[in-house]
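No value in this document is a laboratory result; all are computed from the given coordinates. Note that this is a predicted model, so its numbers are computed, not measured. Glycine gets a Cβ as well: all are built from the backbone with ideal geometry, and neighbour counts include every protein chain shown.
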Amino acid sequence: MSDTLTVGKKLVDLCRQGKTHEAMDTLYSPHIVSIEAAGGPNMPARMEGMAAIKGKATWWEENHEVHKAEVEGPFPHGDRFIVRFKYDVTAKAGPMAGKRFTMDEAALYTVKDGKVTHEEFFYTT
């Protein structure tokens, strides 16, 4: 099994268990680059480094109540794989506070030397 598929399967398994931070600790490069489909004044679309990525994940967890999460994949291709995420959430803060909504996004991950070095998220903004 390729590094890409092995990493992808581990990432999906940990995400299904709600262990996002463990996935980052064990599978991400310290020099990870993350690119969202959209950014804002307090959260740029492009972030680099483990501290920034963990901060983004912590912000998400603190500002959203997740009612349901589904994770599909991985779908590998060479040194990359895609994972599809579906969320049913209620925002706890910001302009969407108290509103329940669904998210459907795909993430493209790049693997080098057994670690995720790049993640890019695709969704409707």
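Among the residues of segment 2-27, which ones are under 11 Å from the mean Cα position of the chain (by Cα) and closer than 18 Å to Glu61 by Cβ?
Within segment 2-27, Leu11, Cys15, Thr20, His21, Ala23, Met24 qualify.
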- Across segment 1-44, what is the total count of residues that are surrounded by 13 or more Cβ atoms within 10 Å (Cβ to Cβ), among the aliphatic types (A, V, I, L, M) and farther than 16 Å from Ile82 by Cβ? 5
- Query: Looking at Ser2, is it of a type in the set (Gly, Ala, Ser), touching a strand residue (DSSP E or B) at 6+ places or on another chain (Cβ under 8 Å) and within 18 Å of Ala107 (Cα to Cα)?
  - Reply: no
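Evaluate segment 70-79: report whether one residue or more is on the phi > 0 side of the Ramachandran plot and out of contact with any Pro (no Cβ under 6 Å at 6 or more places or on another chain).
For segment 70-79, residues on the phi > 0 side of the Ramachandran plot and out of contact with any Pro (no Cβ under 6 Å at 6 or more places or on another chain): present.
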- Report, by residue number, each residue of segment 1-44 that is closer than 15 Å to Gly55 by Cα and part of a helix (DSSP H, G or I). Thr20, His21, Glu22, Ala23, Met24, Asp25
